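One structure below.
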Amino acid sequence: MKLPVLEGIDKPLESEMPNYERRLASALRQQIDDVKHGKSIPIDVPAIIKSRFSWEAVFDKIEKVICTYR
């Protein structure tokens, strides 16, 4: 799902928010409909999320970037 354009490190442009909220609502509705219609969600979703977005995973990515400049 496309995220809103940022005007700072962590602040979305206010003008982007209505469309972002519509996209988010649509994506959530789609997920709910998929489950209602029997589409299974992989059991390993929490592991996938942790492997990509845990502090350890984020640090590893930062460390790799830093090491490329040594």
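All of the numbers you see were taken from the coordinates with simple rules; none came from a lab. In this text the structure is predicted, and so the values were computed from the model without any measurement. Here Cβ is always computed from backbone atoms with ideal geometry, including for glycine, and neighbour counts include all displayed protein chains.
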Under the Karplus relation with 6.51, -1.76 and 1.60 and θ = phi - 60°, whole-Hz ³J(HN,Hα) for the stretch 28-41, x at Gly and Pro, equal 5, 4, 4, 4, 5, 4, 4, 5, 4, 8, x, 6, 7, 9
Can you tell which of Leu6, Val65, Gly38 lies farthest toward the positive end of the dipole of the chain, using +1 and -1 charges on the Cβ of basic and acidic side chains (Lys, Arg; Asp, Glu)?
Gly38
Taking the Cα atoms only, what angle lies between the long axis of helix 55-68 and the longest principal axis of the chain, rounded to 10 degrees?
40 degrees
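Sorted from largest to smallest, which semi-axis lengths in Å does the alpha carbon gyration tensor of the chain give for its equivalent ellipsoid, taking the root of 5 times each eigenvalue?
On the way: eigenvalues 173, 107, 10 Å².
Whole-Å semi-axes of the equivalent ellipsoid: 29, 23, 7.
In deg cm²/dmol and to the nearest 500, what is the mean residue ellipticity at 222 nm of the chain if only DSSP H runs of at least 4 residues count, each as -39500 (n - 2.57), divided by the residue total? Write out the running numbers ahead of the final one.
Details: 3 runs with 43 residues, N = 70.
It comes out at -20000 deg cm²/dmol, rounded to the nearest 500.
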Round to the nearest 0.05 the FRET efficiency obtained for Gln30 and Ile62 when R0 = 25 Å and r is the Cβ-Cβ distance.
0.15
